[in-house]
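Single-structure report; data block below.
The values are calculated or read from the model by the stated rules, or taken from the named source; none is laboratory data. Please read all numbers here as calculations on a predicted model, not as lab measurements. What goes into the accessible areas is simple: the full protein's heavy atoms, side chains included, and nothing from ligands, DNA or RNA. Shrake-Rupley method; radii C 1.70, N 1.55, O 1.52, S 1.80 Å.
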Amino acid sequence: MDCAVRSIVLLAILILFWRLDTNNKSTSDITPLNEIPSRLSNESPSILLPQNETVRSWTYIRRSFYLRGSWDLEQEPQQTLTLLTHFSLKTLPAIIKTLVLWNAPAMAAVYIYDEKEIEKLHKIYQQNQLLRKWVDIHLVFANGTGYPINVLRNEAIFQSRTEFVLMLDPDFLPSPDLSLKLKEAVQQEFSFRERRLRSGEVIGVVEWWKKVLVVAAFEYQVPPAIHPFLPSTKSELLHTLHNSIFCPFDPKDCQGCYSPTNYLQYSSTLEPYTIKYQWMYAPHFVVSCHKLPP
């Protein structure tokens, strides 16, 4: 397999995604991400609803916080980062594996094709201790369109209980300890921002908010069953790349879109570095959901 150099990088700490081979072929809705916040504030009351209340928003019926994880931000203020994802019941087994690896606050927007699926989802949720602790579930009901990726993503983003979020599609797995390493990275940046704020360096603060933490992504070159173990260190990762077990993630429908990550630099440094954005660059990243563009 020809794996062009075009991974997705973030910090120099080991932060990786692993894409699974799935047959979940979905189509995106036509609502751009950057159009959602202003429309939400005027047209969609879903972000203001009490738990488990159903509304009709745009062309989709939604039920926010249908299930709510037991963790509490006031009791666990160290939880500053939420993994956001979306899925239908067809991809539920993969999502459960992702959430087990993440083992921290998560929020999922679930696309419901048939109301009978709700009972199944509820049963699986109640039987899994980890889901009951960490995961908030929001329902979005099908309306005859294709799988509405942007609608689901935005439903998760605007319901997040933490300031910082990481969006992860259902066919990716986080590397071991990713949640801990990302929280450390967020804390370092947050502390730096606060120091700049107290010292009166306002320009520096503004520039911080223009940044995101980009996360590296890789995909299997061999069937996952042949190599079921995910690398837990960067040296292990580089070894698997050298042996053609993994390669930088490069989707066939957008080849070269991740080249700004500069995988050669990622593989040769332990320090963070700057990535220059270019058109069609769409990495996974950590961002403050309070600072998303209007």
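Surface calculation, 1.4 Å probe, protein heavy atoms: Cys247 sits at approximately 0 Å² accessible. Remark: the Glu115-Ser244 segment gains 42.1 nm on full extension, using 0.36 nm per residue and subtracting the alpha carbon distance. Solvent-accessible surface of protein heavy atoms, probed at 1.4 angstrom with all chains present, puts Glu76, Glu115 in the order Glu115, Glu76, largest first. Of the residues Asp114, Asp253, the one with the largest accessible area comes first in the ranking Asp253, Asp114, computed with a 1.4 Å probe on protein heavy atoms.
When Glu74, Glu271, Glu219 are compared by accessible surface with a 1.4 Å probe, the order from highest to lowest is Glu74, Glu271, Glu219.
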